[in-house]
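Below is one structure; the comments refer to it alone.
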Amino acid sequence: MKKVRTGIGYDIHRLDEGRRLILGGVEIPHPKGLMGHSDGDVLIHAVIDALLGAMGDKDIGQCFPDTNPAYKNIQSTELLVSVAIQLKQRDYEILNIDSIVIAEEPKLGPHIPAMKDILCPILGLQIKDLGIKAKTREGLGDVGEGRAIAAWAVATIEAPA
Ligand code: MG
């Protein structure tokens, strides 16, 4: 009998000037972007941690350490491709992923279809099986004051018997 497993992921990165804003693999016009060793894509990082957690693996920081120059400025989509390959090699199937991106600015809703168009083929998911929701923090805290963007993700996978 196959087993269903769940993983949760969370990430937050600082916003700073002079960086491109990449979320869900999509470049979004904004005066600030996310700091990070990679492209700082918090949504993909949260999704990766949810998938690694569901597989029972170590977290993203241990699987792709920022001390390894190979990961400097890497596109997070490349990291996601590598996790998707691991899932496939171990006979796991993703049933669905749900996620929330928390950002005060810019408005992310209009960019969600483009994010799904990039992420679903990598994950082998249909559009309906990848949830991406955009929320604000109502002006509260670091995210609410526009100094950071955070993301949560939950992944459900089917494991081989
Ligand atoms: Mg991160």
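Give the residues of the range 13-28 that are crowded, with 17+ Cβ neighbours inside 10 Å and not charged (D, E, K, R), sorted by residue number.
Of the range 13-28, the ones crowded, with 17+ Cβ neighbours inside 10 Å are 13, 15, 19, 21-26, 28.
His13, Leu15, Leu21, Ile22, Leu23, Gly24, Gly25, Val26, Ile28 - these are the residues of the range 13-28 that are crowded, with 17+ Cβ neighbours inside 10 Å and not charged (D, E, K, R).
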Legend entry - Members of the range 71-105 that are more than 14 Å from Gly36 (Cα to Cα), of a type outside the set (Asp, Glu) and surrounded by fewer than 16 Cβ atoms within 10 Å (Cβ to Cβ): Val81, Ser82, Ile85, Gln86, Lys88, Gln89, Arg90, Leu95, Asn96
Legend entry - Subset of the range 29-52 [surrounded by 21 or more Cβ atoms within 10 Å (Cβ to Cβ), in contact (Cβ under 8 Å) with a residue 60 or more places away in the chain and out of contact with any strand residue (DSSP E or B) (no Cβ under 6 Å at 6 or more places or on another chain)]: Ile44
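Restricting to the range 22-50, name every residue that is of a type in the set (A, V, I, L, M) and within 14 Å of the ligand (Cβ to nearest atom).
We begin by selecting, within the range 22-50, every residue of a type in the set (A, V, I, L, M); these are 22-23, 26, 28, 34-35, 42-44, 46-48, 50.
Correct list: Ile22, Leu23, Leu34, Met35, Val42, Leu43, Ile44, Ala46, Val47, Ile48, Ala50.
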Inset, instruction - Go through (1) surrounded by fewer than 21 Cβ atoms within 10 Å (Cβ to Cβ); (2) within 16 Å of the ligand (Cβ to nearest atom) and name the single condition Gly7 misses. - result: (1)
Legend entry - Of all residues making up the range 110-157, the number that are open to solvent by 40 Å² or more (accessible area, probe 1.4 Å) and more than 23 Å from Val81 (Cβ to Cβ): 11
Inset, instruction - Please give the number of the condition Met55 fails out of (1) over 15 Å from the mean Cα position of the chain (by Cα); (2) away from the ligand (no atom under 15 Å from the Cβ); (3) open to solvent by 50 Å² or more (accessible area, probe 1.4 Å). - result: (3)
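The values are calculated or read from the model by the stated rules, or taken from the named source; none is laboratory data. Note that this is a predicted model, so its numbers are computed, not measured. Here the Cβ is made from the backbone with ideal geometry for all residues, glycine too, and neighbour counts use every protein chain on show. We work out accessible area using only protein heavy atoms, side chains counted, and drop any ligands, DNA or RNA first. Shrake-Rupley method; radii C 1.70, N 1.55, O 1.52, S 1.80 Å.
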